[in-house]
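Derivation of every value follows stated rules applied to the coordinates shown; laboratory data play no part. Here the structure is a predicted model, which is why all the values come from computation and not from measurement. In this analysis, Cβ positions are derived from the backbone assuming ideal geometry, glycine residues included, and neighbour counts consider all displayed protein chains.
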Amino acid sequence: MNVLLLGSGGREHALAWKLAQSPSLSRLYASPGNPGIAEQAECVTLDVTDHNAIADFCRAQHIALVVIGPEAPLVDGLADSLRDAGIGVFGPSQAAARLEGSKGFTKDLCARAGIPTAGYVRTASPGEAHAALARFTPPFVLKADGLAAGKGVVIAEDIEAAEIALADMFSGRFGDAGAEVVIEEFMEGEEASFFALTDGTFVLPFGSAQDHKRVGEGDTGPNTGGMGAYSPAPVLTDALQARVMDEIIRPTVETLAGDGNPYTGVLYAGLMLTEEGPKLIEYNCRFGDPECQVLMMRLRGDLAAIMLACARAELAGVRADFAPETALTVVMAAKGYPGTAEKGGAIGIGGAEADGAKVFHAGTVRKDGELIANGGRVLNITATGKNVTDAQARAYAAVDAVSFPTGFCRRDIGWREIDREARQGK
Ligand code: AMP
Ligand code: GLY
């Protein structure tokens, strides 16, 4: 089959790399892609907001499956338009993608289905928000309702900071995304990510991961899209994963289906492992970036076939096998990230992949044959090993083989688990 992959980041490079290994794949197209994806796919330029143009391209190239990488086109309803045109899509409808597109929607769904999550209030004006704050104790968790490029969550230590953040959110800084603000109870625990594929009815667990969201070592400094990740996440034991499936994922899929909005594609649950058990922090309607990179390093089998089964509601009986090894990815970012990142710095991949590591491109461009940095997160250096300690050593050996003078990375990806492995004598 022919597949069209939409997106241009490290997540999409990892998907392209795995799709290209699929026995069921004939041709892989990507839009817009990047220089790494171009090694696996034919990159084409399509306007992702022009749904008719994408459908026309799919008809002309006999595309059986469109894989939508990022959330924005999903929240914008691209999957619906393509499905209406008779084209297979991996990714949820606009109605189902509200799980990521509206935090209030997800909280209401959790309340209806009895899914464990932080207590909350939805507010639609500064006055309502101000009044609601009185019902919470610090730290205050404030979230712009809509998509805010990962910047819509503020944890305020005191009431003054909360009021300032609320004023900022309601001021229009996030556009429509800030028209509503959700105020939540603060949950304590360790965070982990869990992935599941679903065709609307059947649910297939699809691995676990942990990422590092802060830019600085020891998980300090500003939030980012993620500076590194590893999979599996040993904190999500089999027993906890079973609870997540039973208490969080299945009720979500069933509730959406019951509402007439079946979810298809990947459900990415951000979890807090609290003393009372796993609780949902948030849903994403796409793979994590860079979590996808570590999942794809471990996945065995035919990704294109698995995704097509999702799209066709034929997931029952499909298996997803992951190698037992740990995969770990280190994000190399351009200096300045997550603020204004320096563009144009030269990159040399050198022998970084010599020892089985994989360099996924996230924000690169080729100019006059040279590879240069063209984004905040630039490369995802990914390796596997027998545990996190081993995978980390291999990933940093590959990082050290890369030349990227205007880039930087954290040197401690995986530290929490590496500490645990040291304590357990692994
Ligand atoms: P989100 O975009 O909803 O994942 O939130 C971003 C980050 O804020 C999460 O990864 C958590 O670290 C933190 N966070 C969000 N909601 C809560 C909560 N209710 N309690 C504690 N931390 C939270
Ligand atoms: N790495 C976090 C995310 O993709 O949302």
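Some notes on this structure:
- Averaging Cα coordinates gives a centre for segment 172-224 and one for segment 53-85; these two points are 25 Å apart.
- Local electrostatic count at T137 - Lys and Arg +1, Asp and Glu -1, tallied over other residues with Cβ under 14 Å: -4
- Antiparallel DSSP beta bridges within the chain, as percent of all bridges there, nearest 5: 80
- For V378, the amide hydrogen comes within under 5 Å of the amide hydrogens of M332, A333, A334, G363, counting only partners 5 or more places away or on other chains and with H modelled in the peptide plane.
- For L147, the shell of other residues with beta-carbons less than 13 Å away shows a net charge of -2, using +1 for Lys and Arg and -1 for Asp and Glu.
- The Rg/Rh ratio of segment 173-311, with Rg taken over Cα atoms and Rh as the Kirkwood radius over Cα pairs, comes to 0.97.
- The distance linking segment 359-383 with segment 319-346 is 10 Å (Cα centroid to Cα centroid, whole angstrom).
- Counting every other Cβ atom within 10 Å of each residue's Cβ, R420, R377, R298 order from fewest to most as R420, R298, R377.
- Taking amide H positions as modeled 1.01 Å from N, with prolines and chain starts lacking one, the residues under 5 Å from F90 and 5 or more places away or on another chain are V66, V67, I68.
- Among Q40, Y120, P73 - extreme Cα towards positive end, dipole of segment 1-120, charges at beta-carbon: Y120
- Computed over segment 186-239, relative contact order equals 29 percent, with contacts defined as Cα pairs under 8 Å that lie 6+ residues apart.
- Assigned charges on the beta-carbon of Lys, Arg, Asp, Glu; segment 194-298 dipole about Cα centre (debye): 200
- Calculated from backbone phi, Karplus (6.51, -1.76, 1.60) coupling profile of segment 74-84 in Hz, x at Gly/Pro: 5, 5, 7, x, 5, 4, 5, 4, 5, 4, 4
- Relative contact order %, segment 81-225, counting alpha carbon pairs below 8 Å whose residues are six or more apart: 20
- Bridging of K343 to lysines at a Cα separation below 29 Å is possible for K18, K151, K213, K335, K358, K367, once same-chain residues fewer than 8 apart are set aside.
- Using Cβ point charges alone (K and R +1, D and E -1), the dipole size of the chain about the Cα centre works out to roughly 800 debye.
- On full extension, the segment bounded by R312 and T220 gains 28.8 nm, given 0.36 nm per residue less the C-alpha separation.
- Environment charge at A53 (Cβ cut-off 12 Å; Lys +1, Arg +1, Asp -1, Glu -1): -2
- Fully extended contour minus Cα-Cα distance, from R59 to F202, at 0.36 nm per residue: 48.6 nm
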